[in-house]
Structures are given as structure tokens and as C-alpha cells.
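Presented below is the structure to which this report refers.
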Amino acid sequence: MINTISGSINSSDLGWTLSHEHLVSGMGGMDKIAQLYDRTEALRRSQEALEAAYASGIRTIIDCTPLDLGRQADVFERLADTSPINVIAATGLYRWVPLTYYTWSPDAIAEYFIKDIEIGLESTSVKAGIIKLAWDYEYRLDEGPGSPRFQLEKAARGAARASRATGVPITCHTRALDELGLPLLDIFQDEGLDLRAITIGHSSDSRDMSYLNQLLIRGTTVGLDRFQSNLPEDEKLRRSQIALDLIQSGFGDQICLGHDSAAYSLNLGPTSGGGRAEDSNCWSPVPDWQIPWLIEQGVSNSDIDDVMSRSIAKTFDAASKISR
Ligand SMILES: [Zn+2]
């Protein structure tokens, strides 16, 4: 069973799923700052974007926003009855592990994630269905326990232990150009996880197919999940070509697609109501552009279902099997 904001579902009921999106994104605590955050607007934009995604055939969205990236549990609570599609919320940590965790052990971090999964986010009963991590430039800073790398590695062990305890998969924002999927998989392997339960996201930021193949042969799931509506045409084609090549190499059920787009985001400026221009079609380029393009290149409907549904179902199934 998978936790969604509206209750639990079976992995066979996911339907077409976008693996990496954000309903509302910004920073932890933004909801307390009136000139930064407009809750009514956040709700309206989220609802409209969910409806547009539904109209394009999407049935599930994985929201990859942990608390420190501005997750709003009360927005999930409000959308639970009105969203036309399943929304899977995340616990976890974003790129800059907050100082609060610097003295925590991996087990203490795991315990906090487990609470989000088993009891609910903040004071709500909305349960997280996935654990999100983010490894980026900060990983390069490696000077002992006070450095970001040490903390990111510790967070990954905490995530792995929470995954084993709850049977929930892990999804990772990674800087593909630094090939950060590989050291992450080493930690997960060391912690005894089935790498099938892991999604190494943002991987098509890299042009290096040998890196992607190194991930895939270890059995992990690879997210080709940055396909924003403002991508130039040549970049859309480059990213779609990677998906096509991997499907043709037989990896269709190990890759997943998404946009990394937010219905409401403060990340482009602190104007009231969200800095990012409103775009209720922020989750449509994959179903409306990329899928038809893949079909035009000869990809079968069954292969499309592998990429859009079965690959992600398998991450949930693998995680639940390893759970103690
Ligand atoms: Zn993201």
C-alpha cells in the first residue's frame, strides 16, 4: 500500500505517474511570512495544475518537497478531497541539511522520517509516502563532521533506515554532472536496501550515457525528470532522445519521467502570490509533448506504461518487500 494525501492505494492503481514534481515550493517557514506566501493562491494554483494534469492523462504525482523546501501539509490536507489525481507527499531533507540535524545520529534522523510516514506530516494526518534526499554541489565540501558531505551521507543513512523500517521508497535529487547517484547507491547498498526502491533523479541533466548505464545495471530506477515547459526545443529533443535510447535498450521499466515543476513557487522572486509565473500546464509537457514524441518514434503503448507507471510501482513494491 502507498500513502497518498487522500489515503492509501495499491501500487497497481498508480496509473500514469510523474515522478518528481512540487505543488508548493520555497523554504521552510515561508507560510509565516505574509509578503512571501499566499495560501489561497497556492491552493488555487495547485488545484488548477492537478486538474490540467488529469486532463492530460496523469493519475499520480509524486511531490518531492520536504519541510525545508517549503512543504505545506495543510495544503495537502485541503486538497485531499478535491484533487482529481493521487498526490504522494514526501518526508526527507533538501540540499542544505539544516544545522539542527548536525548532531543527530542516522537513527535519530530515521525516527523523524518514520513519524512523517506512520503518523503524519506536522500536526496533520497526511502521511508521507516517499523519502526525498537532495545531493548537489554541497557534496563537494568534504572536511569532516562539520562539512556538508558528512551531513548528506548521514541523512542518506537515516533515509535508508527509515525506508527499511516503513517499506517506503527513496527519491533523490542528484547533480548528474558530478555523478552523485553512484556514491548514494553505495550507501544504500551498504544499508541493505534493494536499489530498485531508489530513484536517482535529474539524471538526464547529464549527456553521459555511460553514467546512466552504470546506474541502470545496478538495478536502480533512473529519473529523467526535468522537462519544464520553458525548455528550448533542442533540449526537449535531447532529453527525450535519452528516454528513447534507454527504452530501446530494454530499460523502460527502470526509468521514470517528470518535470521538476511547481504549481506555486517562490524560487523566482519574493512577490506576493509566488514569484514563478503562473502556469497551470506545468505538468503537461511530458504527457502532451514527450509521450506523443516517443510514440511517433515507434515506442509501444506497453513501453509507455512501463515508463509512466510500472517503473514507479516497482520502486514501491521493492521497498515494501525489504521492510522489516
Ligand atoms: Zn525538485
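Using only Cα coordinates, the Kirkwood hydrodynamic radius of segment 181-230 works out to 11.3 Å.
Can you give me the relative contact order of the chain as a percent, contacts being Cα pairs under 8 Å and 6 or more apart? Show your work: numbers first, answer last.
On the way: 691 pairs, mean separation 75.3, N = 324.
RCO, the chain: 23 percent.
Based on the alpha-carbon gyration tensor of the chain and its eigenvalue square roots a ≥ b ≥ c, which shape applies: rounded if a/c is under 1.5, prolate if not and a/b is larger than b/c, or oblate?
Taking the square roots of the gyration eigenvalues as a ≥ b ≥ c, the chain is rounded.
One Cα centroid belongs to segment 88-126, the other to segment 159-229; the line between them spans 19 Å. One quarter of the convex hull surface built on the alpha carbon atoms of segment 71-181 amounts to 7.5 nm², the projected area averaged over directions.
Contact order, relative form, for segment 178-316: 24 percent (alpha carbon pairs under 8 Å, 6 or more residues apart, mean separation divided by residue count).
Starting with the highest mean, order 193-202, 140-149 by the number of other Cβ atoms within 10 Å, averaged over the residues of each peptide. Numbers along the way, then the final one.
On the way: 193-202: 25.6, 140-149: 12.1.
Most protected by this proxy first, the peptides run 193-202, 140-149.
Ranking S6, P285, P145 by how far each Cα lies toward the positive end of the dipole of the chain (charges on Cβ) leaves P145 at the top. For the chain, please report how many Lys pairs fall under 24 Å Cα to Cα, leaving out neighbours fewer than 8 apart on the same chain. Taking the Cα cut-off of 24 Å, the pair count is 15.
The share of C-alpha pairs in segment 199-324 whose separation exceeds 16 Å stands at 64 percent.
For segment 2-57, the normalised intensity computed at q = 0.14, 0.15, 0.27 Å⁻¹ comes to -0.53, -0.60, -1.19 (log10 of I(q)/I(0), Debye sum over alpha carbons, equal scatterers, no solvent). Structure remark: mean-square fluctuation, Gaussian network model of the chain, C-alpha springs under 10 Å; the largest value among I170, I109, I255 belongs to I109.
Across segment 43-196, the mean sequence separation of Cα contacts (distance under 8 Å, 6 or more residues apart), normalised by length, yields a relative contact order of 21 percent.
Report the Stokes-Einstein translational diffusion coefficient (µm² s⁻¹, integer) for segment 135-231, Rh taken as the Kirkwood radius over Cα pairs, at 10 °C with viscosity 1.306 mPa s. Don't skip to the end; give the middle numbers.
Working: Rh = 13.8 Å.
Reported coefficient: 115 µm²/s.
What size of dipole, in debye to the nearest 20, comes out for the chain about its Cα centre when the only charges are +1 on Lys and Arg C-beta atoms and -1 on Asp and Glu C-beta atoms? Intermediate results must be reported in sequence, preceding the final value.
Values: 30 positive and 45 negative charges, 110 e Å.
Value, rounded to 20: 520 debye.
Taken together, the values in this text are just the output of simple stated rules run on the coordinates, not laboratory data. This one's a predicted model, so the numbers in the text were calculated from it and none came from an experiment. Reconstructed Cβ throughout: ideal geometry from the backbone, glycine too, with neighbour counts over all protein chains shown.
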